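Derivation of every value follows stated rules applied to the coordinates shown; laboratory data play no part. All figures in this text were calculated on a predicted structure; none of them were measured in a lab. Note: ideal-geometry Cβ built from the backbone for every residue, glycine included; neighbour counts use all protein chains shown.
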Amino acid sequence: NVATCCFDHMDTFTEVKVPSTLRTIGKYAFWANDQVTVFDFSNTQLEEVEEGGFTMCTGVKTYKFPDTAKKLGDLVFYDNESVIEMDLGNGVEYLGDNIFQRCYSLKNLHIPASVTYIGSDIFAECPSLESVTVSPESETFCVQDNILFTKSIDQLIKYPIVLEAPEYTVPSSVKNIYFAAFAGNCNLKKVNTG
């Protein structure tokens with residue numbers, strides 16, 4: 001396991017190799033490692049990344065996780081301004097609050113069918129995010145018109161910043177709108193609710 005704050009501010013790291021037996025990455029373990037460009041855990045037994053595990057890893061462009069990864073905690077990728085590609089694997093169940101906040105370069109994200117929990121405001125300050133897709137096999141979440149909902153369309157999770165329409169009508173089936181679901185969308189002038 002990689003302990004809490006184990007490698008924070010290790011500005012000299014350019015590459016990280018971990019053993020295949022790795023199971024947990026602790027809180028803020030790799031905080032502010034801005035020289036690393038790729039974190040590839042696909043050949044490990046990683047199960048959990050705790051809060052802020054990769055906070056401020058500003059040079060990382062790619063993350064790859066194994067299917068054994070079940071939980072990615074709050075703020076895990078906070079302020080990863082260069083990340084472009086994110087492979088969450090096919091086993092992740094939990095995406096914590098503000099997990100992708102300030103991932104300025106993230107353009108696309110695929111949410112696998114295994115995800116059963118999505119925290120609040122996961123895409124805060126993600127101005128480049130063009131699309132979010134959800135596996136059609138998901139029993140928990142879906143995307144309609146590039147807007148993230150629960151599968152039954154009773155909760156609106158995120159209305160992306162990049163949508164350009166000045167007006168939006170929330171489906172009548174929606175009973176709950178997630179915290180900050182519309183935050184940051186400067187094009188939106190009017191939201192109609194039923």
Please give the peptides 33-44, 147-158, 179-190 ranked by average Cβ packing (other Cβ atoms within 10 Å per residue), highest first, as a rough proxy for protection. 147-158, 33-44, 179-190
Filtered pair list for the chain (Lys only, Cα < 17 Å, 8 or more apart or interchain) has a length of 11
Which one, LEU72, GLY96, PHE141, is farthest towards the positive end of the dipole of the chain when Lys and Arg carry +1 and Asp and Glu -1 on their Cβ? PHE141
Counting DSSP beta bridges with both partners in the chain, what percentage is antiparallel, nearest 5? 20 percent
Could you tell me which label, among [x] 152; [y] 121; [z] 91, carries the value of volume of the Cα convex hull per residue in Å³ calculated for this structure? [z]
